[in-house]
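For reference, the structure discussed in these notes is given below.
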Amino acid sequence: MTNRPLTCEQFDAALSDYLENALDPAERTALESHASTCDRCRALLAELSAIPTEAGALHDLEPSRDLWPAIAQRIAAPVVALPGAAARRERRPSVRPWYLTPASLAAAAAVLIAVTASVTALAIRTGRTSAPAGAVAANNPAPAAQPNDSQIDIPAPAPRVTNASATRPNAVPVQEVYAREIAELDSIVRDQRSHLDTSTVTVIEKNLHIINQAIAQSRAALARDPNSGFLHHQLNDALNQKISLLRTVALLPART
Amino acid sequence: MLTATMEDVVTTIPSEEPTSDVALAAAGDRQAFERVYRANVQRVFSICVRMCGDRGRAEELTQDAFVRAWEKLPLFRGESAFSTWLHRLAVNVVLNDRKVLGRERARAANGDDDEDGEALYGASAPPSHADRMDLEAAIELLPPGARRVFVLHDVEGYRHEEIAEMLGVTSGGSKAQLHRARLLLREALNR
Ligand SMILES: [Zn+2]
């Protein structure tokens, strides 16, 4: 532009662009030379330049209380209630203690052991893409829902989808269905937990952990090999295992 | 963006260790998610406080952000770092907060908001507990528009183009707000 020295007003007007590095070299030089001769503008430039540096070095702040308990409570809430789940809750008075018969516990333990065995097999095979898909049988498929209300209402069978095609057009809904069902069962299981004895809870937790590991491993493997039908099958299998386990636990106290 | 697209087919968590806490949490492991929370809560809370200017509300927003993260985690594709993903999610939670918006509108009606920040640090403004106000306190007193841009740009390191998209303003508007924020902060820090 021109080589005439800037006024303070011109300096102010160009300062924002200067700090954004948006001036051409001649303009920069003009601005810097004004700052070198004007105390007011030199101070302004120095102080404004210091602010982003200081802002970038701010320490993190700490909440005044532990925010986790409320979060834990909220993420345990069901996303969408399955038909039957609400009715099951209503029929369960909160004051009424739950007693598990030895027979029901034994049956539950047997199921849990079966789940552990097949999930462990699944986890071991994860990452080995040569294994044939579908080697893990669906364990413990839930019986069909009973219209008779004197019976336990049993949630509908898990959305068992073999989703191995490369295009996977309906994969989002499938994942959502899994997520929803798991969330719903999870909340039932959470209600149930206080009515179960510690050793049963420990077994459940252990199984859930194994299944969660398998899910995480399948997803990680899928990240590396997104088109592997086998891995999609693995993931769906693991999700189905989880649903089966949760469903089993959800039904435990009612099996008297 | 955080919104799930149809390409969010199956969650992909590319991680060196397949059973990282983030991956486990995405698979539904609440204990792993608590560890994720513990590792990130201060950072998320800081974003919320500085974005909304209210510590009490920021605690609630931090909780909202983690609940949202839990819900969205199965869709996290690992295209960005988890922390980047989480921080952006927290920013969006604050920006979509009705209570914050409501209070800002009330503030604007009282004439101490945005359009003209001249009187910002006027008679009623900064607490005089110290000779010099610290930057943290000065940020809290900025008008909302300038504060958001300042926090996103100078504290969180977003670019003007990103900020413009997040806030629904132009890139030039973002630059103008940033400059205004810095001028106001300088004024506050020098008084
Ligand atoms: Zn000057």
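The values are calculated or read from the model by the stated rules, or taken from the named source; none is laboratory data. All values derive from a computational prediction rather than experimental measurement. Please note: Cβ atoms are built from the backbone with ideal geometry, for glycine as well, and neighbour counts cover all protein chains shown. The accessibility values were calculated without ligands, DNA or RNA, using every heavy atom of the protein model including side chains. Shrake-Rupley method; radii C 1.70, N 1.55, O 1.52, S 1.80 Å.
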query = Does segment A:54-61 contain at least one residue that is modelled with pLDDT of 95 or more, over 30 Å from B:Ala32 (Cβ atoms), within 15 Å of the ligand (Cβ to nearest atom) and facing chain B (nearest Cβ under 10 Å)?
reply = no
ask   = Looking at segment A:13-26, is at least one residue more than 23 Å from B:Glu161 (Cα to Cα), buried (at least 16 other Cβ atoms within 10 Å of the Cβ) and touching a residue at least 24 places away in the same chain (Cβ under 8 Å)?
value = no
request  = For segment A:195-242, name all the residues that are open to solvent by 20 Å² or more (accessible area, probe 1.4 Å), without any contact (Cβ under 8 Å) to a residue 60 or more places away in the chain and under 20 Å from B:Asp21 (Cα atoms).
outcome  = A:Glu205, A:His209, A:Ala223, A:Arg224
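Across segment A:1-48, what is the total count of residues that are of a type in the set (D, E, K, R), part of a helix (DSSP H, G or I) and within 15 Å of the ligand (Cβ to nearest atom)?
7
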query = Taking segment A:39-53 on its own, how many of its residues are open to solvent by 20 Å² or more (accessible area, probe 1.4 Å) and facing chain B (nearest Cβ under 8 Å)?
reply = 2
key: Enumeration of residues in segment B:131-149 that are in a helix (DSSP H, G or I) and not small (Gly, Ala, Ser)   = B:Leu135, B:Glu136, B:Ile139, B:Glu140, B:Pro144, B:Arg147, B:Arg148, B:Val149
message = Quick check on segment B:153-173. Is at least one of its residues in contact with a Phe, Trp or Tyr (Cβ under 6 Å, 6 or more places away or on another chain) and either at negative phi or surrounded by 21 or more Cβ atoms within 10 Å (Cβ to Cβ) (or both)?
response = no
note = Flagged in segment B:56-72 as over 15 Å from the mean Cα position of the chain (by Cα), without any contact (Cβ under 8 Å) to a residue 60 or more places away in the chain and farther than 14 Å from A:Trp68 by Cβ, in numbering order, are B:Glu71
task = Being assigned to a helix (DSSP H, G or I), touching a residue at least 40 places away in the same chain (Cβ under 8 Å), more than 10 Å from chain A (Cβ to nearest Cβ) and of a type in the set (A, V, I, L, M) narrows it down to one of B:Leu152, B:Leu185, so name that one.
result = B:Leu152
